[in-house]
Each structure stands twice: as C-alpha cells, then as structure tokens.
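See structure below.
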C-alpha cells in the first residue's frame, strides 16, 4: 500500500508485479463523499469527522471533542465548548464542559481552575481551604534561587526571588536593585531608594533607628516649637527634626523626623537634669 501525493490517494498492489489499483481516499463507511478523503463511521460516532484535501482534521459536532481513555475508561476530553462561547477546554472524563481543568477563551486568556479567565494566565484554587495555586520548586542539583521575573515595557523590571541558602531569604528587586528582604526568622529588611509612605496607622512593638546625636540647646529648640489649627507648625521645628516628605500624591511637604524628635527630647531631659543637679549643688 502506498499513499500518493499531492492527490492523497491510496495505491494498492496484488501479488502480481505491476498490477496496481488506485483509490481516491480511504472510505470505511458509506457516508464518505468526494471531499472526505477519510471517513470513519462507528455507531454514529464519527460521521462528521473528516480530513480534507489540505490534510486538515475537522471534528464537527455540538461540542467537538477528542476523548482519551485507558482500557475503556475515559480520562480526558479535549475540545470546544459550544455552550460556553466556543472556548477550548481540557476536561476530566469524557464530556466537554464537565470538570474542566484548562480553558482558553477567544481572547487567548488561559484559565486553570476557572472557565472565565480575566487575564492572560488566570489561576484559581479549587476551594477556599486550598491556599496554594502556583508553586515554583527547584529541581535540586545546586539551584541557588527560584525567581519570578516581570517586565513592563523596556524600562521597568521587577523580580521576586526566593534564595535557597542558609537564610532561605525572600527578596524583592526592582531591576537589579534589592528593595525588600525577609529571613526565615521572620525579620524584614527594606532597602528603599527613597522614603516609605504609610497612608494609614503604623503599629510596632519597637522601632530602631540610627539618628545622630543632637548638639545644641535642646530646651531652647523645644521652646520655639509652636502649634496651629492643623497641629505642629513644622516651620518652627529645629532643622535637626524638620524633614521634607513626599505624600501619596507625589508632592513634597513639611514633616517631622520622629527618631530625631526622640533624640531632641532625650537631650532636653539630660540638660534639665544637669540644671537640677546644679541647683541641688548650690543648695548644699
């Protein structure tokens, strides 16, 4: 048997050399027509399936599908869901639209766990108790980091990296600049290039800073601080405390360095204690 091209015909030989017959395609059922070079009809399952002259396999029915089974047990169905905007689906079992595992809509959005993907890749957990939807796992062999890399245009790049070393560190980069790092002991370190803006309240058990020591008359500096209807008049603060801060709108305005303010108050208390000690010494 020989398949001839470009006409896609089948040529057969008998046991006599040179005695050959050519048939226009292979017809396994009476439903075959001239434009159906391959037509298989088994229990009305396949009469609309065809291979045309361009060697394109067409599966046409209400929900065209291809069922993959093992030993008569349907495992997966691959096809188009005509009942749901003609989305391409991979479903468990033998039916399209039932237990879908993967969906691709007409816009090219891919859904895993959802039949209505709203982005290029949309992953949804199967239940509220299932917290893990996407896992990046190293394959061993000296892997040092697992990285999720995002690129926006030509000038913006962000990386989320989990470093596989003694610290099991979680790191966030913008470009090649590290912004945040978290260690396996729960500590968090930030490396911002600018200020950190918190729109609402901030609460912590403790704050640590490296504020320089205040030099000068702290009591006189505190005495000059005034208030207005909005709160502290920042223009009355000593330069050691006064800061320019950027708000959420991107505009700069007057602010106060809390660490520097604590240092100023600490020095003021020390200077008060010195005065008290001098007074007590004079009394003695």
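Read-outs throughout are calculated quantities, based only on the coordinates presented, and are distinct from any laboratory measurement. All of these numbers come straight from a predicted model, not from anything done at the bench. Note that we place each Cβ from the backbone using ideal geometry, even for glycine, and neighbour counts take in every protein chain shown.
Computing FRET efficiency as 1/(1 + (r/R0)^6) for residue 217 and residue 174, where r is the C-beta to C-beta distance and R0 is 30 Å, gives about 0.10.
Cβ crowding within 10 Å ranks 147, 91 as 147, 91, fewest other Cβ atoms first. Note on 129, 182, 116: ascending count of other Cβ atoms within 10 Å places them as 129, 116, 182, the fewest first.
If a/c stays under 1.5 just call it rounded; otherwise compare a/b with b/c (prolate if a/b is bigger, oblate if not). Do that for the range 218-283, with a ≥ b ≥ c from the square roots of the Cα gyration tensor eigenvalues.
On the way: a/c = 4.52, a/b = 2.72, b/c = 1.66.
Prolate, since a/c reaches 1.5 and a/b exceeds b/c.
Which order results if 209, 257 are arranged by neighbouring Cβ count within 10 Å, fewest first? Present the calculation step by step, with values, prior to reporting the outcome.
On the way: 209 10, 257 17.
In increasing order of surrounding Cβ atoms, one gets 209, 257.
What separates the Cα centres of the range 198-217 and the range 60-92 is a distance of 62 Å.
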